[in-house]
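Right, one structure below, let's go through it.
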């Protein structure tokens, strides 16, 4: 076997704790409790090992990463190593003074999520009264400090009509990038899929609108967006390929090829408490399970696009086709592609189930 | 065009670093990574606010070329990155 290329990025789920209750939460049904979270020193060791392994960019995520009061110390450690730190936050726990401390610690970039432009609807979706106002305040603090800001606009059936106003809000906030992030149906979000999924007309309209806005706002703000999965015909090369570019670390130190990987039964995941990060990347069964192209079935095996799409997403293949080795049903060559269309058509207006800590509520 | 007295610098959120594992230099920016060749590295290392004139003078010594011969290349390199928001002028 040829030498395994090292990872370029690492997504650190510093904690699963979160003050919001978004119905589209893509974290697993059962979350890590505070008591099992890694200590500051354990996290620092993970980042030192990641740097040695070849990781260049860190995404500090959660849950809500700012729920950890050692975040400044973690950021300073990473900046000292030369790692690029990106804070992925809901923004509701960070005041100006804390943001300044994170800036001083060497933070490089902030990615702030927004639920809507209308404060009332935004707070209803996030499940926290006053949350939207706090997000706007954080965005202002970030821009004032001179840090680059990306707005992550999470889009679904209940706010897909707000795309244009959300992009303009991001522009007014001084963001340099905005992500139109259509909800992906993993973890808790899968429970709400039927009421989160937009109609086909809405999805097509949204795509047209984004193209138009990109043209109009060229040079002012970068708009990143992809067609929502269930309406696409070509799958995305999930994570840039399994075990190819990115490492995901859970709060308790389990190392995953992607943050939904634990939904796949039979995979053996290793933790940084038992193994070095390098060993896990190179030799753990879970990382090698779908590395490269050899694990594929038809129609992927004989497809000339397999090197670019990498077969799509393993977790979605499992969830929709029943086998993690199947083609991602987003692909129109998948025998399960028609089922996606049916799911999309069947989606209806209805109430969403807010995120709870565990599945048993 | 770049002003004659421009003072290029790397804004907050952009980092130039050696990628020892892959034996190369990279410029890290929000959600992006650029691989930089050795000439680019010498230019970017001097994006420190001292100004384009000092930069060109030093580079001419490093590469053994007349300042007038390299200034155009340096400017177009900087302009490409400035458009992307990666270098501030």
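Filtered by the rule that a residue be in a loop (DSSP other than H, G, I, E, B) and out of contact with any strand residue (DSSP E or B) (no Cβ under 6 Å at 6 or more places or on another chain), region A:96-108 gives a lone residue, A:106. Looking only at region A:255-292, residues that are surrounded by 14 or more Cβ atoms within 10 Å (Cβ to Cβ), on the phi < 0 side of the Ramachandran plot and assigned to a loop (DSSP other than H, G, I, E, B) come to 14 in all. Residue check: residue B:9 meets all listed conditions (1) within 10 Å of the chain's Cα centre (by Cα); (2) more than 14 Å from chain A (Cβ to nearest Cβ) but one, namely (2). When the criteria are applied in full, residue A:105 fails the requirement of being without any contact (Cβ under 8 Å) to a residue 40 or more places away in the chain, in contact with a helix residue (DSSP H, G or I) (Cβ under 6 Å, 6 or more places away or on another chain) and away from every other protein chain (no Cβ under 14 Å).
Inspect region A:109-120 for any residue being assigned to a helix (DSSP H, G or I), surrounded by fewer than 23 Cβ atoms within 10 Å (Cβ to Cβ) and free of Cβ contacts under 8 Å to residues at least 12 places away in the same chain and give the result as yes or no. Checked region A:109-120: at least one residue is assigned to a helix (DSSP H, G or I), surrounded by fewer than 23 Cβ atoms within 10 Å (Cβ to Cβ) and free of Cβ contacts under 8 Å to residues at least 12 places away in the same chain. Those residues that are more than 13 Å from chain A (Cβ to nearest Cβ) and buried (at least 17 other Cβ atoms within 10 Å of the Cβ), I need them from region B:78-89; list them, please. Listed by number, the residues that qualify are B:78, B:81, B:87. Of the residues that sit in region A:155-173 and are out of contact with any helix residue (DSSP H, G or I) (no Cβ under 7 Å at 6 or more places or on another chain) and surrounded by fewer than 21 Cβ atoms within 10 Å (Cβ to Cβ), which one is nearest to the other protein chains (Cβ to nearest Cβ)? The extreme case among them is A:171. All conditions but one from (1) surrounded by fewer than 18 Cβ atoms within 10 Å (Cβ to Cβ); (2) within 14 Å of chain B (Cβ to nearest Cβ); (3) outside any helix (DSSP H, G or I) apply to residue A:227; the one that does not is (2). Taken as a whole, region A:67-76 holds at least one residue that is within 14 Å of another protein chain (Cβ to nearest Cβ), more than 22 Å from residue A:163 (Cβ to Cβ) and touching a residue at least 24 places away in the same chain (Cβ under 8 Å). Looking across region B:12-48, the residues that are in a loop (DSSP other than H, G, I, E, B), surrounded by fewer than 19 Cβ atoms within 10 Å (Cβ to Cβ) and within 14 Å of chain A (Cβ to nearest Cβ) come down to B:12, B:23, B:31.
Cβ-Cβ distances below 7 Å connect the following pairs, each with a first residue in region A:32-50 that is free of Cβ contacts under 8 Å to residues at least 40 places away in the same chain and at negative phi, a second residue that is assigned to a helix (DSSP H, G or I) and surrounded by fewer than 20 Cβ atoms within 10 Å (Cβ to Cβ), and a separation of six or more residues or different chains: A:40/A:73; A:47/A:81; A:48/A:81.
Of everything in region A:232-251 that's in contact with a strand residue (DSSP E or B) (Cβ under 9 Å, 6 or more places away or on another chain) and buried (at least 18 other Cβ atoms within 10 Å of the Cβ), which residue is nearest to residue A:296 (Cα to Cα)? It comes out as A:239. The requirement of being more than 13 Å from residue B:78 (Cβ to Cβ) and either touching a strand residue (DSSP E or B) at 6+ places or on another chain (Cβ under 6 Å) or within 14 Å of chain A (Cβ to nearest Cβ) (or both) is fulfilled nowhere in region B:57-66; no residue meets it. For region A:18-44, the set of residues classified as modelled with pLDDT of 95 or more and either buried (at least 20 other Cβ atoms within 10 Å of the Cβ) or under 13 Å from residue A:64 (Cα atoms) (or both) consists of A:37, A:38, A:43, listed by residue number.
The values are calculated or read from the model by the stated rules, or taken from the named source; none is laboratory data. Remember, predicted model here, so these are calculated numbers, not experimental data. Please note: Cβ atoms are built from the backbone with ideal geometry, for glycine as well, and neighbour counts cover all protein chains shown.
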